[in-house]
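Q: Have a look at this one.
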Amino acid sequence: MPQRLIVVKVGTNGITTNEGKLDQTEMQNLADQISNVTKQGNKIVFVTSGAVAAGIAELGMPLKPKDVAFQQAAAATGQSVLMTLYREFFKKHGLKVAQILLTAEDLSNRTAYVHTCDVLSLLLKIGVIPIINENDVTSVDELMHAEGYKVNFSDNDILAVLVAGAVSADLVIILSDVEGLYTTDPAEPGAELIKTVDTITTELKNALKGKSIRGRGGIQSKLKAAEIATQCGIPVVIANSRHPNIIAEIVSGKEVGTYFKPQSRMPAVKRWIAYGAAVKGIIYVNDGAKKAILEDSSLLPVGIIKVVGTFNEGDVISLADENGEFAKGTPNFSSTQLNIIKGLQVSDVHNKLGTDKPKEAIDRRNIHLTEE
């Protein structure tokens with residue numbers, strides 16, 4: 001088997017008991033499997049949930065308190081418990097681990113995004129297992145509700161595939177408490193396991209809904225994650241974390257769980273624009289500008305009607321008309337500058353801001369179409 005870079009994600013239900021406490025037997029089992037696959041020459045990035053559940057158990061708090069500060073306190077307490085256990089479990093195999101906590105902002109800032117990729121690459125190169133979790137403690141919730149702002153992820157299913165895109169992974173394994181994707185709720189009579197998904201259709205997404213008790217994900221989140229990964233050219237397998245030796249079976253190519261076929265692989269920058277970064281604002285354009293963008297042209301200031309939100313040069317924004325978003329892109333100007341030059345010809349832009357400024361509001365190479 002060829003050596004591959006694999007992102008493995010396990011949810012809260014996969015490493016907790018029915019009482020909501022950490023299941024150390026399952027955690028050790030996962031560490032054993034990841035270690036064995038690593039020793040075969042594969043490189044593994046491990047994305048794990050469970051910090052809030054661990055903190056709740058450690059502090060003796062009620063299950064899933066509604067107060068955000070209490071949840072953050074539980075995450076802060078539980079994360080250290082989680083990492084202490086994983087460190088000991090991997091140490092038995094002579095492997096070192098590194099903790100990486102990420103927020104939406106870490107992936108939305110291009111410089112921070114590239115730096116995160118560099119750190120992950122170095123850790124993998126020197127044989128360290130990166131263990132990643134969302135940083136619940138430093139939530140930027142207030143920014144997520146700003147006008148024009150749209151967050152890039154809200155749970156570890158999405159985070160896992162965004163990390164996979166960042167490091168150009170060869171495979172994503174999402175481990176859950178079910179065998180895979182079913183035709184309907186697996187608890188219902190007649191539910192059948194879907195072994196292969198060629199394309200994630202709107203009909204498929206609408207047919208399946210659900211949310212787990214302790215985790216924030218659910219089948220909709222996993223479908224969205226699989227959609228992002230496959231659109232980036234990365235295959236995904238959803239399987240049961242408690243199935244014996246599940247990771248090795250998937251890596252060896254055995255037919256277990258649900259396999260999502262990859263589509264064409266996007267260039268790295270387009271992957272970041274499409275999925276990695278939070279959307280910081282909206283640029284509304286006229287019909288002529290939209291037509292040009294859909295035909296692979298750049299956006300010129302003359303085509304801009306309205307600018308919503310506060311963003312900087314290089315942030316990711318939505319491109320929209322009266323029907324909604326049709327593309328995303330990274331502008332060459334801040335929102336303040338765009339409000340000055342919107343609707344202007346290039347010569348007038350240079351008169352306002354100087355001749356050293358680019359003529360394009362957004363270069364075509366930095367535009368990702370969300371509507372064909």
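The values are calculated or read from the model by the stated rules, or taken from the named source; none is laboratory data. Quick caveat: nothing in here was measured; it's all calculated off a predicted structure. Counting neighbours? That spans all protein chains shown, and the Cβs are built from the backbone with ideal geometry, glycine included. All accessible areas refer to the heavy atoms of the entire protein, side chains included, with ligands and DNA or RNA removed. Shrake-Rupley method; radii C 1.70, N 1.55, O 1.52, S 1.80 Å.
Q: With the crude spin-label approximation of a point 7 Å out along Cα→Cβ, what separation in nm comes out for residue 295 versus residue 336?
A: 3.6 nm
Q: Here is a follow-up. With a point put 7 Å past each Cα toward its Cβ, work out how far residue 310 is from residue 196 in nm, to one decimal.
A: 5.2 nm
Q: Just to confirm the filter: which GluC sites (Glu not before Pro) across the stretch 289-341 are DSSP coil and have at most 13 other Cβ within 10 angstrom of their Cβ?
A: Here the sparse-neighbourhood loop sites are 295, 313, 322.
Q: Please list, by residue number, everything in the stretch 326-343 whose backbone N is under 12 Å from a paramagnetic label point 7 Å out along Cα→Cβ of residue 365.
A: none
Q: Here's another thing I want to ask about it. Please give the calculated 222 nm ellipticity per residue for the chain, where each DSSP H segment of at least 4 residues contributes -39500 (n - 2.57) and the sum is spread over every residue; nearest 500 deg cm²/dmol?
A: That comes out to -10500 deg cm²/dmol.
Q: Taking just the C-alpha trace of the chain, give me its Rg and Dmax in Å.
A: 22.0, 70
Q: Sticking with this structure for a sec: Determine, at each q value in 0.11, 0.19, 0.27 (inverse angstroms), the log₁₀ of I(q)/I(0) that the Debye formula gives when each Cα of the stretch 299-372 is one equal point scatterer.
A: Cα-only, vacuum Debye calculation for the stretch 299-372: -0.24, -0.73, -1.40.
Q: If you roll a 1.4 Å probe over the heavy atoms of the protein chains, what accessible area per residue do you get for the chain, in Å²?
A: That works out to 46 Å² per residue.
Q: Sticking with this structure for a sec: Using a 1.4 angstrom probe with every protein chain in place, what is the largest-first accessible-area order of 91, 357?
A: Sorted descending by solvent-accessible area, the residues read 91, 357.
Q: Moving on to the next point. Just going by the charge dipole of the chain, with Lys and Arg at +1 and Asp and Glu at -1 on Cβ, which of 102, 231, 36 is farthest out on the positive end?
A: My answer, from the dipole projection, is 36.
Q: Restricting to Cα pairs below 8 Å that are 6+ residues apart, what does the relative contact order work out to for the chain? Please round to a whole percent.
A: Dividing the mean separation by the residue count of the chain yields 15 percent.
Q: Can you give the FRET efficiency to the nearest 0.05 for residue 323 and residue 76, using r as the Cβ-Cβ distance and R₀ = 35 Å?
A: E(calc), rounded to 0.05, equals 0.20.
Q: Nearest-5 percent of antiparallel DSSP beta bridges in the stretch 157-313?
A: 55 percent
Q: Taking just the alpha carbons, could you work out the radius of gyration and Dmax for the stretch 14-59, both in angstroms?
A: Just the Cα atoms of the stretch 14-59 yield Rg and Dmax of 12.6, 39 Å.
Q: For the chain, give the share of DSSP beta bridges that are antiparallel, in percent and rounded to the nearest 5; count only bridges with both residues there.
A: 40 percent
Q: Once both axes come from the Cα atoms, what is the angle between helix 110-125 and the longest principal axis of the chain, in degrees from 0 to 90, rounded to 10?
A: The answer is roughly 30 degrees.
Q: What dipole magnitude, in Debye to the nearest 20, does the chain give about its Cα centre under +1 on Lys/Arg Cβ and -1 on Asp/Glu Cβ?
A: Once rounded to the nearest 20, the dipole reads 800 debye.
Q: On the protein heavy atoms, probe 1.4 angstrom, tell me the percent of accessible surface of the stretch 74-115 carried by carbon and sulfur.
A: 55 percent
Q: Dipole of the stretch 23-129 (Lys/Arg Cβ +1, Asp/Glu Cβ -1, origin at the Cα centre): which of 83, 69, 119 lies farthest to the positive side?
A: With unit charges placed on the Cβ atoms, the residue in question is 119.
Q: Could you derive backbone 3J(HN,Hα) for the stretch 238-255 from the dihedral phi with the Karplus parameters 6.51, -1.76 and 1.60 (θ = phi - 60°), listing whole Hz in sequence and x where the residue is Gly or Pro?
A: Each residue of the stretch 238-255 in turn: 9, 8, 7, 5, 8, 6, x, 6, 4, 5, 4, 5, 5, 4, 6, x, 5, 7 Hz.
Q: Taking 7 Å along the Cα-to-C-beta vector as the label spot, tell me the residue 345-residue 203 distance in nanometres, rounded to one decimal.
A: Each label point lies 7 Å from its Cα, and together they span 5.2 nm.
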